[in-house]
1. Please verify whether LEU24 is open to solvent by 80 Å² or more (accessible area, probe 1.4 Å), modelled with pLDDT of 70 or more, of a type outside the set (S, T, N, Q) and in a loop (DSSP other than H, G, I, E, B), treating the condition exactly as stated.
2. Looking at the range 110-118, is at least one residue part of a loop (DSSP other than H, G, I, E, B), open to solvent by 50 Å² or more (accessible area, probe 1.4 Å), over 30 Å from ALA46 (Cα atoms) and without any contact (Cβ under 8 Å) to a residue 12 or more places away in the chain?
3. Looking at ALA214, is it at pLDDT 95 or above and either open to solvent by less than 60 Å² (accessible area, probe 1.4 Å) or over 29 Å from the mean Cα position of the chain (by Cα) (or both)?
4. Give the range 83-105 a look and list any residue that's out of contact with any Gly (no Cβ under 7 Å at 6 or more places or on another chain) and of a type in the set (A, V, I, L, M, F, W, C), or say none.
5. For the range 200-211, which positions are at pLDDT 95 or above, part of a loop (DSSP other than H, G, I, E, B) and not charged (D, E, K, R)?
6. Which one of ALA105, ALA97, ALA134, ALA145 is modelled with pLDDT of 95 or more, assigned to a loop (DSSP other than H, G, I, E, B) and open to solvent by 60 Å² or more (accessible area, probe 1.4 Å)?
Amino acid sequence: MKAFAASRRNRFAPAVLVLLALLLTGALYAVLAPRSATAAPAAASAQTVGAGQQLFRANCATCHGMDAEGTDLAPSLVGVGAASVDFQMATGRMPMANNSPQAEAKEPQFTPDQIALVASYVASLAPGPAVPTAEQVDPALGDPASGMALFRTNCAMCHNAVGAGGALSEGKYAPSLYDSTPTEIYEAMLTGPQSMPVFNEANIDPEGKRDIIAYLYEQRETSPGGITLGSLGPVSEGLWAWVIGIGGLIGMGVWIGAKSS
């Protein structure tokens, strides 16, 4: 007891006690903390990543580098996440068909399983946006009215008020969204491909992204007013009125004048 009392009066005693408390806390946390994954899924994930790496090196490394570090031909993919890979490959934009101002959508050259493997490999390189779940992209769960406000505030200046697409500068363009899947629309907002900005959760939260998808899907319904004229708004409607309406009036006037002379 005398030795213990003497040790408490030692000037190093507080530091030793704090160190012991930290060690004890760390040990308790290591024992009691919940496990995020078991060993078996980790092994399966390693196999998936390895298969994706082989596909990547066989088909993508020429431009992006053997370890996706980027080259003079293409940017680094470290940190882009699985969502970016899934979007670019599922829409056929990658691999590019030619060296154009922007990658054009075409038929995908890989199966969904192959795309998932490559995406898993790229995702393993560094943290990045993941592929959204089916619930996150379900139009039936979204609010089209809220989506309309968000889309026209953030997207309509490039994609048109109803997602019909539009021209940009330097030979680039904002594509039509009429044929895009909900997953592709969500991934585009999440990753910002090419000229498109990234809309993270600070800009548009996941519910807002789903609302935008719901709004765009409603634009694909048959127009209750008749012919849509491309859904391009007052410009196409005004051109139609000018050519057909005024043109018809001028033609009638000429015909009446010719009959009366």
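The values are calculated or read from the model by the stated rules, or taken from the named source; none is laboratory data. Keep in mind that what you see is a predicted model, and the values were worked out from it rather than measured. Glycine also receives a Cβ, built like all others from the backbone with ideal geometry; neighbour counts cover every protein chain displayed. Quick note on the areas: whole protein, heavy atoms, side chains included, nothing else; ligands and nucleic acids left out. Shrake-Rupley method; radii C 1.70, N 1.55, O 1.52, S 1.80 Å.
1. On the way: open to solvent by 80 Å² or more (accessible area, probe 1.4 Å): yes; modelled with pLDDT of 70 or more: yes; of a type outside the set (S, T, N, Q): yes; in a loop (DSSP other than H, G, I, E, B): no.
When the stated conditions are applied, LEU24 does not pass them.
2. Of all residues in the range 110-118, those part of a loop (DSSP other than H, G, I, E, B) come to 110-111.
From what is left, the residues that are open to solvent by 50 Å² or more (accessible area, probe 1.4 Å) are 111.
Applying the additional criterion that residues be over 30 Å from ALA46 (Cα atoms) yields none.
No, the conditions are met nowhere in the range 110-118.
3. Details: at pLDDT 95 or above: yes; either open to solvent by less than 60 Å² (accessible area, probe 1.4 Å) or over 29 Å from the mean Cα position of the chain (by Cα) (or both): yes.
Against the criterion (at pLDDT 95 or above and either open to solvent by less than 60 Å² (accessible area, probe 1.4 Å) or over 29 Å from the mean Cα position of the chain (by Cα) (or both)), ALA214 qualifies.
4. ALA83, VAL85, PHE87, MET89, ALA90, MET94, MET96, ALA97, ALA103
5. Narrowing the range 200-211 to residues at pLDDT 95 or above: 204-211.
Next cut, part of a loop (DSSP other than H, G, I, E, B) only: 204-205.
Scanning the range 200-211 gives a single hit, ILE204.
6. Working: ALA105 fails: modelled with pLDDT of 95 or more; ALA97 fails: modelled with pLDDT of 95 or more; ALA145 fails: assigned to a loop (DSSP other than H, G, I, E, B).
The conditions single out ALA134.
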